[in-house]
Amino acid sequence: MGKPESPVGMVEIAGRSGQKHRGFLEAGLLLLLLLVTGALVTLGLLYADSREIKPSKDNVETCTTPGCVMAAARILQNMDPSMEPCNDFYQYACGGWLRRHVIPETNSRYSVFDILRDELEIILKAVLENSTTKDRPAVQKAKMLYRSCMNESEIEKRDSQPLLNILEVVGGWPVAMDKWNKSVGPQWELEQQLAVMNAQFNRRVLIDLFIWNDDQNSSRHIIYIDQPTLGMPSREYYFKEGNNQKVREAYLQFMVSVAMMLRADLNLPENSGLVQEDMAQVLELETQLANATVPQEERHDVTALYHRMDLEQLQNSFGLKGFNWTLFIQSVLSSVKIDLLPNEEVVVYGIPYLQNLEGIIDVYSPRTMQNYLIWRLVLDRISSLSQRFKEARASYRKALYGTTVEEVRWRECVSYVNSNMESAVGSLYVKEAFSGDSKDVVKELIDKVRAVFVDTLDELSWMDESSKKKAQEKAMNIREQIGYPDYILEEGNKHLDEEYSNLNFSEHLYFENGLQNLKAGAQRSLKKLREKVDQNLWIIGAAVVNAFYSPNRNQIVFPAGILQPPFFSKEQPQALNFGGIGMVIGHEITHGFDDNGRNFDKNGNMLDWWSNFSAQHFREQSECMVYQYGNYSWDLADDQNVNGFSTLGENIADNGGVRQAYKAYLKWVAEGGKDQQLPGLELTYQQLFFINYAQVWCGSYRPEFAIQSIKTDVHSPLKYRVLGSLQNLGAFADAFHCANGSPMHPTVRCRVW
Ligand SMILES: [Zn+2]
């Protein structure tokens, strides 16, 4: 299953990032390095002899290059050697990091990953602010968009006016108008209204309609109909008690405040009773919608979600009290000049939702519907308005994320421009910060890890030979994308500029620039309906610290942003590269064989290539992990347990990834690879591998965000990603001599791949 906004990554992009005191920390690190480097050359040699498992004598050669010294200092600072690795490896590997970091007020989570993203933003700030006259059009536009976002005085001066302008165009926000019921109400049509929201503003409210690769035919695109997202991040906020209720109240208050502000700006009477009543109705409607949706954990089986049908079947199955599906879909597609075919097919993912919608759709008046639809547009636009609108949002954000301070402006702007113009910004990033020859090294690592995945199939007694053969074919057929697409650096290649040819930004019109981006985003995706799938298309930009697997393409992607320490460096020992990017590679490959990916064949078609025997046993092996992770109770999230079903795919990928990467490292050593010894670390290479693996996940959450992410994040909490995967790996217990029965060497272990 592939939805446009949910690529299967290593880490969800959660909350805004931000960091204070970085300068101080880094200066401290460098000072420490200068002090210890000299002495450690000899210490490394001494310590190497004092351990049971040690690098063989002829391998002992302490590396003192800047890359090695930095790596050594990083590892030393992040770990807490006073902890017993066999009791709680996470505290052992990350205790130092956790002790020395406080979550910044702007962040809901703070981790090694988040810091890498912060650092990437610093690079992007510099390149976006660099004004030269020689920029190509795509880059000029990115810089213009950034400047318009930074133009705070203009944004303050224009205040609510740009929002009020579009409200007029979209039929008005009844709560902030007089006489909507009489003026607009009588001609109001739900189908048209939903189509405008979808095609012009990329807000897919009430019914989610989007174009994506057909799961059953990976070479073509098709129309999907699904349950929508909601204004709050997950359905639980609408009806559960406790913190959820606080969030709900803050959400309602936020709506009311914005409506009151707009009424005042329009010189309408305050009429706070009416505003309260209107917005309470909106929340009630949205609560009904939330109730109608199916929880994410029950939507894991893509083969059960997928229902392809023609328009007549769609209309007959989901009448929705006279809702005209053809009118709705045709209105959306008209925006990109596409006509529905007589035999047009759609894929319905959200059958239960549409059935439930039947009982909701005509309960609320057009006024309430319109109030809701426009609220969803207003909600999206708050970030591009003046300061007082963001202040109206502050309590809601505090309840939702636990953050008390808005992100600094330039970070907000950098991240906005990067996510809306990823190719243009990617080209700037790659030129500035990425060394092209890393591509070959990473390619070699991919081949090594892939070979291990294939070899390891032999060990699996739960799978029969015919399924192993298919799995092998699929693994060998995974295509990779590394770093960035070549065309973004080719000056003579017009493609980059053409991507943005419809965009004409103004330095003074940030809000309207944002509207252009919403429309361009919607149309880029809608236009694909009649196009063949472009197998070379990059599904993500280069300036991204993450990695992806696409089941519809059977493709793995490693953007330039993740090809840096601690994941990867040509200047650090291979034990760290295998424990870092090697594990990421294994993780993404394994996604092709997790509970979702396994439903797709080597060409990205949803097709069952499993024997009954193997499929049955896959489920049994998986159940072990569902139970294992489901037993982790997370203190930060009110002691709620991790959802073993929602996180299954990621847990399978984490477990497979670290196992394959470790084997690939041992194989590299066995084939004569000579690793370098790090200064100041009394550790074997095997131990270093696991420590670097764990340290990628050092981080902490605010409780508010823990409660949110335990419902919305398909990844297990950082701590359990480390503990869960290593408890299952015998080689880890060997590397640290963990006694049988100790927490990191449990008697029951789970394994899928
Ligand atoms: Zn993943």
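Quick look at the values:
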read-out	value
Average accessible surface area per residue within the chain, 1.4 Å rolling probe, Å²	39 Å²
Qualifying GluC sites (Glu not before Pro) in the range 251-316, DSSP loop, other Cβ atoms within 10 Å at most 11	GLU270
Protection-proxy order for peptides 585-592, 208-215, each taking the mean of Cβ atoms within 10 Å per residue, highest first	585-592, 208-215
222 nm mean residue ellipticity, helices alone, for the chain (DSSP H n ≥ 4; -39,500 (n - 2.57); rounded to 500)	-16500 deg cm²/dmol
Whether the range 501-621 is rounded, prolate or oblate, judged on the alpha carbon gyration tensor where a/c under 1.5 counts as rounded	oblate
The range 665-753: GluC sites (Glu not before Pro) falling in loop per DSSP and having at most 13 other Cβ within 10 Å	GLU671
Span from the the range 406-436 Cα centroid across to the the range 657-677 one, whole angstrom	34 Å
Under Karplus coefficients 6.51, -1.76 and 1.60, residue-wise ³J(HN,Hα) of the range 576-593 in Hz, glycine/proline x	6, 5, 5, x, x, 5, x, 5, 4, 4, x, 4, 5, 4, 5, 4, x, 10
DSSP beta bridges in the chain [antiparallel fraction, %, rounded to 5]	70 percent
Interchain or long-range residues, amide H under 5 Å from PHE600's placed H	LEU607
Cβ-Cβ FRET estimate between ALA731 and ASN641, R0 fixed at 30 Å, reported to 0.05	0.60
Ranked packing of 483-489, 447-453, 574-580, most packed first, by mean Cβ within 10 Å	574-580, 447-453, 483-489
Given charges at Cβ of Lys, Arg, Asp, Glu: the range 269-332 dipole, positive-most of ALA304, MET279, VAL294	ALA304
Low-density loop positions, trypsin sites (Lys or Arg not before Pro), the range 221-306 - DSSP coil, at most 15 other Cβ in 10 Å	LYS240
Two-site FRET efficiency, ASP310 against ASN87, from Cβ-Cβ distance with R₀ of 45 Å, rounded to 0.05	0.15
Net charge dipole size for the range 176-385 [Lys, Arg +1 and Asp, Glu -1 on Cβ; Debye, nearest 20]	520 debye
Candidate lysines for bridging to LYS246, where Cα separation is under 16 Å - those fewer than 8 sequence places away on the same chain excluded	LYS398
Lys, Arg +1 and Asp, Glu -1 on Cβ, resulting dipole of the chain about Cα centre, debye, nearest 20	780 debye
Prolate/oblate/rounded label for the range 290-443 (Cα gyration tensor, a/c 1.5)	oblate
Flagged links, alpha-carbon separation over 24 Å, of LYS570/LYS663; LYS519/LYS602; LYS667/LYS719	LYS519/LYS602; LYS667/LYS719
Cα-based reach from LYS179 at 22 Å (exclusive), listing lysines while leaving out same-chain residues under 8 positions away	none
Gain in span if fully extended, ASN267 to GLU284, counting 0.36 nm per residue against the direct Cα distance	3.3 nm
Estimated distance in nm for a label pair at VAL184 and ASN536, the labels positioned 7 Å out from Cα along Cα-to-Cβ	4.6 nm
Share antiparallel - DSSP beta bridges, the range 176-385, percent rounded to 5	80 percent
Whether the chain is rounded, prolate or oblate, judged on the alpha carbon gyration tensor where a/c under 1.5 counts as rounded	prolate
Eligible aspartates and glutamates near LYS157 by straight Cα distance, threshold 19 Å, same-chain separation 8 or greater	ASP265, GLU391, GLU507, GLU512
Helix axis angle, 409-420 relative to the chain longest principal axis, alpha carbon, degrees	90 degrees
Chain lengthening between GLN523 and GLN472 when straightened (0.36 nm per residue, less Cα-Cα)	14.5 nm
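The values are calculated or read from the model by the stated rules, or taken from the named source; none is laboratory data. What you see is a predicted model, and the numbers here were worked out from it, not measured in a lab. Backbone-built Cβ (ideal geometry, glycine too); neighbour counts: all protein chains shown. Side chains included, ligands, DNA and RNA excluded: accessible areas come from the protein's heavy atoms. Shrake-Rupley method; radii C 1.70, N 1.55, O 1.52, S 1.80 Å.
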